[in-house]
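In what follows, a structure is listed as structure tokens, so that the remarks can point back to it.
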């Protein structure tokens, strides 16, 4: 039997030569070339020798080192790797410390942390503002000041119930955003357990399916038969908002794309407006054919700033409500919305022309086909869209709409 407790305090004090000095049962005193002394527990596991540092002689005396070695040996007899067990214990301790220090993090603090972290991933700064606004308006009043670790399904439902049936699309986004923040909180050890904002296995049995809630309000859209008359009235309006709305109709663009349009995006020679991917909803560059009417409109505008339709403040674009204000002054708000003119175009294209579905969808900057189809069809059919937008402009300009038949 190997001798144990070979070392004594006196022996240890007199050892100066570098090396390993056995005390027995796997405990060694390690002496370095610089004279530093520390304890090592040496053991075999899975036919491989492992050395586990137990601490310096200054921090752990001989009797304490023997006790620590005995603890590690007990783990070994249970088939537990002492080194891995210590790592796991340290990690668990750090998690407990993190939880203790984070237990007072409020939901609003966690949400702002998440928003700032993710903002760089989002395509536009508008996304960050939309997140902040929905949190401010619908979530923070209910749970913003509560510890994020204490948020339960009760608080989530208090935030969602008032808007679930009345503002269903907004409520869907609010729920998704609460869920994302709480997922982030769990990953950061701010909370633990099931996410109370999760739909599957959580809120689904409690709230009506948002896809089945009735009275879904679509954007009001002017009937295409009434568009030529509307355009005549619109062109009589003398305001920048009216010109922006006219440009929006002629290009079938979204409100945000027109408001953010810049002069350097316009290729007057090729008569094309190139919207960079950073500003596009689909995250891809979009080329918009410009008819002669759109070009004439642009040429008549002053170029005082980078924005084609500048706002009242220097360096800003036209306000979000400027084009709606034009409809209000024209007494059209009960029949049309700014976004609804895209529907007017789409209905006209379907009922009056023979342009293929994919060309009409591309004109609206919609994704066409699935990922596989898009991998093979990488063009944007710009030449065919040029002809379609000319026909659209002609219709808007009080000329008879013509059915256009494209060659096969």
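Being touching a strand residue (DSSP E or B) at 6+ places or on another chain (Cβ under 9 Å), at pLDDT 90 or above and closer than 16 Å to residue 179 by Cβ, is that true of even one residue in segment 116-129? Lay out the reasoning, then the answer.
Within segment 116-129, the subset touching a strand residue (DSSP E or B) at 6+ places or on another chain (Cβ under 9 Å) is none.
No: segment 116-129 contains no residue that is touching a strand residue (DSSP E or B) at 6+ places or on another chain (Cβ under 9 Å), at pLDDT 90 or above and closer than 16 Å to residue 179 by Cβ.
In segment 277-288, is there at least one residue being closer than 30 Å to residue 329 by Cα and out of contact with any strand residue (DSSP E or B) (no Cβ under 7 Å at 6 or more places or on another chain)?
Let us first name the residues in segment 277-288 that are closer than 30 Å to residue 329 by Cα, namely 279-281, 288.
Adding the requirement that they be out of contact with any strand residue (DSSP E or B) (no Cβ under 7 Å at 6 or more places or on another chain) leaves 279, 281.
Yes: segment 277-288 contains one or more residues that are closer than 30 Å to residue 329 by Cα and out of contact with any strand residue (DSSP E or B) (no Cβ under 7 Å at 6 or more places or on another chain).
Of all the residues in segment 181-194, those that are buried (at least 21 other Cβ atoms within 10 Å of the Cβ) and more than 16 Å from the chain's Cα centre (by Cα) number 2. Kindly provide the set of residues from segment 49-64 that are crowded, with 16+ Cβ neighbours inside 10 Å and part of a loop (DSSP other than H, G, I, E, B), ordered by number. Answer for segment 49-64, where residues must be crowded, with 16+ Cβ neighbours inside 10 Å and part of a loop (DSSP other than H, G, I, E, B): 57, 60.
Keeping to segment 184-194, report how many residues are part of a loop (DSSP other than H, G, I, E, B) and in contact with a helix residue (DSSP H, G or I) (Cβ under 6 Å, 6 or more places away or on another chain). Before the answer, list the steps.
Let us first name the residues in segment 184-194 that are part of a loop (DSSP other than H, G, I, E, B), namely 188-194.
Those still in the list that are in contact with a helix residue (DSSP H, G or I) (Cβ under 6 Å, 6 or more places away or on another chain) too: 189-191.
Residues that pass the stated criteria total 3.
Identification of helices (runs of 4 or more DSSP H) wholly contained in segment 110-180 with 1 or more residues that are in the same structural domain as residue 192 (by TED's automatic domain parsing) and within 13 Å of the chain's Cα centre (by Cα) yields 125-134. Only one of the numbered conditions (1) in contact (Cβ under 8 Å) with a residue 40 or more places away in the chain; (2) crowded, with 18+ Cβ neighbours inside 10 Å is violated by residue 142, and that is (1).
What about residue 170, is it in contact with a strand residue (DSSP E or B) (Cβ under 8 Å, 6 or more places away or on another chain) and on the phi < 0 side of the Ramachandran plot? Taking the combined requirement at face value, the residue does not satisfy it. Within segment 195-232, the set of residues being assigned to a helix (DSSP H, G or I) and either surrounded by 13 or more Cβ atoms within 10 Å (Cβ to Cβ) or in contact with a strand residue (DSSP E or B) (Cβ under 8 Å, 6 or more places away or on another chain) (or both) comprises 199, 202, 203, 224, 225, 226, 227, 228, 230, 231.
A quick yes/no check of all residues on (1) at pLDDT below 85; (2) over 28 Å from the mean Cα position of the chain (by Cα):
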{"residue": "347", "(1), (2)": "no, yes"}
{"residue": "356", "(1), (2)": "no, yes"}
{"residue": "361", "(1), (2)": "no, no"}
{"residue": "368", "(1), (2)": "yes, no"}
{"residue": "385", "(1), (2)": "no, yes"}
{"residue": "393", "(1), (2)": "no, yes"}
{"residue": "398", "(1), (2)": "yes, yes"}
{"residue": "406", "(1), (2)": "yes, yes"}
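I need the full set of residues from segment 72-84 which are without any contact (Cβ under 8 Å) to a residue 12 or more places away in the chain, in a helix (DSSP H, G or I) and under 18 Å from residue 25 (Cβ atoms), in order please. The answer is 74, 75, 77. Note on segment 16-48: residues that are crowded, with 16+ Cβ neighbours inside 10 Å and either outside the structural domain of residue 71 (by TED's automatic domain parsing) or outside any strand (DSSP E or B) (or both) total 2.
When you check residue 28 against the structure, is it within 16 Å of residue 73 (Cα to Cα), free of Cβ contacts under 8 Å to residues at least 60 places away in the same chain and touching a strand residue (DSSP E or B) at 6+ places or on another chain (Cβ under 9 Å), yes or no?
Working: within 16 Å of residue 73 (Cα to Cα): yes; free of Cβ contacts under 8 Å to residues at least 60 places away in the same chain: yes; touching a strand residue (DSSP E or B) at 6+ places or on another chain (Cβ under 9 Å): yes.
Judged against the criteria, residue 28 is a match.
Scanning segment 218-251 for residues that are at pLDDT below 95 and under 30 Å from residue 166 (Cα atoms) yields 218, 219, 220, 221, 222, 223, 224.
The values are calculated or read from the model by the stated rules, or taken from the named source; none is laboratory data. A quick note: this is a predicted structure, and the numbers were derived from the prediction, not measured. For neighbour counting, all protein chains shown are included, and Cβ atoms are generated from backbone atoms with ideal geometry for every residue, glycine included.
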